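Everything below concerns the one structure shown next.
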Amino acid sequence: MHELSIAQSLLAIVQDESKKHGVSQVTRVHVRIGTLSAIVPEALTFSFEVISERTVAEGAALDIEVVSARGRCDDCNIDFKIDTTLFLCPQCGGIASEIISGKELEITHIEAE
Ligand SMILES: [Zn+2]
């Protein structure tokens, strides 16, 4: 379950930012997660809840925005949604030249009191 280590990195960022801004209680953390990051949102929420106990983020809600994976085919010059782990262009059947999105794992916004 790699969600725990991811929750730990998220918490480290939240603690860092809170210190920087003199925040004593974080209420909400917004994160963006790409479908290719293979993170289960529920597992991440649970892990974050557990490890944030007795920290500045105790009781803070984790708002997770899931970003769909998209690939690009340079031959056909199109973007397409990736549904599976096969990154094939729907037009020519070739492998995506580039993964445009889906690997996101970032904090976009932290709310605090
Ligand atoms: Zn193509």
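The values are calculated or read from the model by the stated rules, or taken from the named source; none is laboratory data. Source: prediction; values computed, not measured. With ideal geometry, Cβ positions are generated from the backbone for all residues, glycine too; neighbour counts draw on all protein chains shown. All accessible areas refer to the heavy atoms of the entire protein, side chains included, with ligands and DNA or RNA removed. Shrake-Rupley method; radii C 1.70, N 1.55, O 1.52, S 1.80 Å.
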### Query
Quick one: what pairs do we get from the stretch 78-105, first residue among the β-branched types (Val, Ile, Thr), second open to solvent by 80 Å² or more (accessible area, probe 1.4 Å) and more than 12 Å from the ligand (Cβ to nearest atom), C-beta under 8 Å, 6+ apart or different chains?
ILE82/ARG70; ILE99/ARG70; ILE100/ARG70
#### Entry: Any pair with Cβ under 8 angstrom, 6 or more apart, that starts in the stretch 47-74 at a residue that is part of a helix (DSSP H, G or I) and ends at one that is acidic (Asp, Glu)
SER47/GLU3
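Residues in the stretch 8-46 that are in a strand (DSSP E or B) and over 30 Å from GLY71 (Cα atoms): how many? Let's see the steps before the verdict.
Here is the first cut: in the stretch 8-46, the residues in a strand (DSSP E or B) are 26-34.
Subsequent filtering for residues that are over 30 Å from GLY71 (Cα atoms) retains 26-28.
Count: 3.
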### Query
With ILE100, ILE95 as the choices, which residue is closer than 30 Å to VAL14 by Cα, touching a strand residue (DSSP E or B) at 6+ places or on another chain (Cβ under 9 Å), open to solvent by 60 Å² or more (accessible area, probe 1.4 Å) and within 16 Å of the ligand (Cβ to nearest atom)?
ILE100
### Query
Only one of (1) among the hydrophobic types (A, V, I, L, M, F, W, C); (2) within 10 Å of the ligand (Cβ to nearest atom); (3) open to solvent by less than 20 Å² (accessible area, probe 1.4 Å) fails for CYS76. Which number is that?
(3)
